[in-house]
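Where a number appears in this text, it was derived from the coordinates with a stated rule and is not lab data. This is a predicted model, so every value here is computed, not measured. When we count neighbours, we look across all protein chains shown, and the Cβ atoms used for this are built from the backbone with ideal geometry, even at glycine.
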Amino acid sequence: MNESDVDHRLLDALGDPKRYEVLLAIAERPDSVRGIAARLERAPADVRRHISELLAGDAIEPLEPGGADHDERGYRSMIRPLLDDAHWERLPPERRRQLFEISLRRLSERIDDALAVDGFGHVQTHVSFTRLLLDDQGWQEMADLLAGVVEEAMQIEAEAAQRRSGAGADAFHTNLAMLHFGRADAGVRASRDQLEG
């Protein structure tokens, strides 16, 4: 890995779990310190500190110059809350696990919300589960493939935005989630099932 591939401001913005949650909240919907604190059930002072760090790293920007009450000023994300392989490798394993847990909790919430409102009802909804057996090269090729899918998905979204602005086409609010992770062996699953049973 080349050190020049690593943006330390991005690591600072996304490498801290609490700051990562703040950035995820802003990326999902521009908001103020007070609004984010309420959504995340955090103290405004804690959110304010992370907002300052994100501003310093150019990860977010204010929506307007702002008035007297800085906690009411809205902020929007300037980066996608996503670390590539070069950045991911720079994080300690425990920190990576914390970030995974945050993302998986959010994914679980979005799935529950979608199930409650028939979000899986569209005929082109895709849900699949595939078991693979890979070597090191295969794992890297899968990582590259999925990173490419995310990039292409963002391009598709940008093109859809252009079509919507021109023709007033329908807009579908969707979630794209991809998981590729190691499998627990049968003994681990059996032990877990016994504990839950």
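Table for the structure above
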quantity: Full-stretch length increase - residue 7, residue 100 - with 0.36 nm per residue and alpha-carbon distance subtracted; calculated: 31.5 nm
quantity: Cut-off 12 Å between beta-carbons: net charge of the residues surrounding residue 102, Lys and Arg +1, Asp and Glu -1; calculated: +3
quantity: Helix 93-116 vs. the chain, principal-axis angle (Cα, 0 to 90°, nearest 10); calculated: 90 degrees
quantity: Given [x] 19.6; [y] 16.9; [z] 17.9, the label whose value is Kirkwood radius over Cα pairs in Å derived from this model; calculated: [x]
